[in-house]
Amino acid sequence: MGLGVNMKYGLLAGVALLATGLAVAAPAQATTIITFDGYSTSAGSPNSGVDAQGNPWLWNHTGSGFSAWGAPGLYQGTSVFNTTTGYIAEDFAVSFVDFAGAKIDTSPSPGPTGVNDHTRFSSYVGGVWYAWIPTYDGNKNVTFNAPSLAADLHNGDLYFVNVVFQEKNLSGANVGFTAAFSAAVPEISTWAMLVAGFAGLGFVGLGRNKKARIADA
């Protein structure tokens with residue numbers, strides 16, 4: 001009898017641990033938490049704006065005249081990451097349209113801080129600067145990924161992003177772009193597996209405690 005009970009609880013514990021492990025390993029679904037949405041129709045430079053959360057963006061140019069888009073803008077310091085969703089940002093993607101022949105400058109930045117004319121994203125979290133990793137898709141799209149959990153942006157953290165082009169004198173007039181922060185949020189099925197796994201482990205623990213009390217009686 002005792003062996004059968006032990007096997008039953010062992011099996012239940014194994015199933016519970018498997019469910020919990022699958023939940024942890026399951027891929028997360030990216031959820032957009034802040035969107036910069038701009039289509040500048042005003043002639044001349046600089047063109048600027050803010051998103052729904054009040055985060056600013058700016059078209060300007062490097063000291064050598066190469067066009068740049070940024071938030072808050074090249075040479076403009078840092079922005080405060082503002083979100084009302086409670087999510088933590090782990091990547092930032094930006095895409096540009098209507099730039100005939102324009103290409104993003106993909107030259108690597110020498111570091112996450114200091115003034116330079118490179119395409120880069122930097123976050124300032126817990127007193128440390130982090131350089132996010134860029135991935136380019138074609139000539140006008142780039143996604144920056146946080147290099148670690150420590151670099152993820154929480155509400156109130158500082159950041160800046162600059163996208164520098166290989167061309168000069170692009171005013172930003174009649175140029176469309178979209179940009180968004182994203183966070184990885186577990187899917188509903190993942191939460192369900194987590195709940196089932198922890199519930200199973202709790203049931204096993206209660207069963208073993210009950211068995212111990214009976215043995216001591």
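The values are calculated or read from the model by the stated rules, or taken from the named source; none is laboratory data. Every value quoted in this text rests on a predicted model; they were computed, and no experiment measured them. Neighbour counts run over all protein chains shown; Cβ positions are idealised from the backbone, glycine included. For the accessible areas, the whole protein counts, side chains as well, though only heavy atoms, and no ligand, DNA or RNA atoms are used. Shrake-Rupley method; radii C 1.70, N 1.55, O 1.52, S 1.80 Å.
Select from the stretch 171-199 the residues that are at pLDDT 70 or above, open to solvent by 40 Å² or more (accessible area, probe 1.4 Å) and closer than 30 Å to THR62 by Cα and list them in ascending order.
Hit for the stretch 171-199 is THR178, nothing else.
Need the failing condition index for PHE203 against (1) on the phi < 0 side of the Ramachandran plot; (2) open to solvent by 50 Å² or more (accessible area, probe 1.4 Å); (3) modelled with pLDDT of 50 or more, just the number.
Answer for PHE203: the failing condition is (3).
Looking at the stretch 130-146 only, could you name the residues that are under 12 Å from ALA89 (Cα atoms) and open to solvent by 50 Å² or more (accessible area, probe 1.4 Å)?
Of the stretch 130-146, the ones under 12 Å from ALA89 (Cα atoms) are 132, 144-146.
ASN145, the sole residue that qualifies.
Does GLY86 satisfy being open to solvent by less than 70 Å² (accessible area, probe 1.4 Å), assigned to a loop (DSSP other than H, G, I, E, B), of a type outside the set (A, V, I, L, M) and at pLDDT 90 or above? Walk me through how you get there before you give the answer.
Numbers: open to solvent by less than 70 Å² (accessible area, probe 1.4 Å): yes; assigned to a loop (DSSP other than H, G, I, E, B): yes; of a type outside the set (A, V, I, L, M): yes; at pLDDT 90 or above: no.
Taking the combined requirement at face value, the residue does not satisfy it.
Taking the condition under 22 Å from ALA151 (Cβ atoms), among the β-branched types (Val, Ile, Thr), in a loop (DSSP other than H, G, I, E, B) and modelled with pLDDT of 90 or more, does THR106 pass?
yes
I need the full set of residues from the stretch 147-173 which are acidic (Asp, Glu) and in contact with a Phe, Trp or Tyr (Cβ under 8 Å, 6 or more places away or on another chain), in order please.
First pass over the stretch 147-173, keeping only residues acidic (Asp, Glu): 152, 157, 167.
Listed by number, the residues that qualify are ASP157, GLU167.
Out of GLY126, GLY101, GLY114, I need the residue that is out of contact with any Leu (no Cβ under 9 Å at 6 or more places or on another chain) and in contact (Cβ under 8 Å) with a residue 60 or more places away in the chain. Which one? Spell out the reasoning first.
On the way: GLY126 fails: in contact (Cβ under 8 Å) with a residue 60 or more places away in the chain; GLY114 fails: in contact (Cβ under 8 Å) with a residue 60 or more places away in the chain.
Sole residue among the options that is out of contact with any Leu (no Cβ under 9 Å at 6 or more places or on another chain) and in contact (Cβ under 8 Å) with a residue 60 or more places away in the chain: GLY101.
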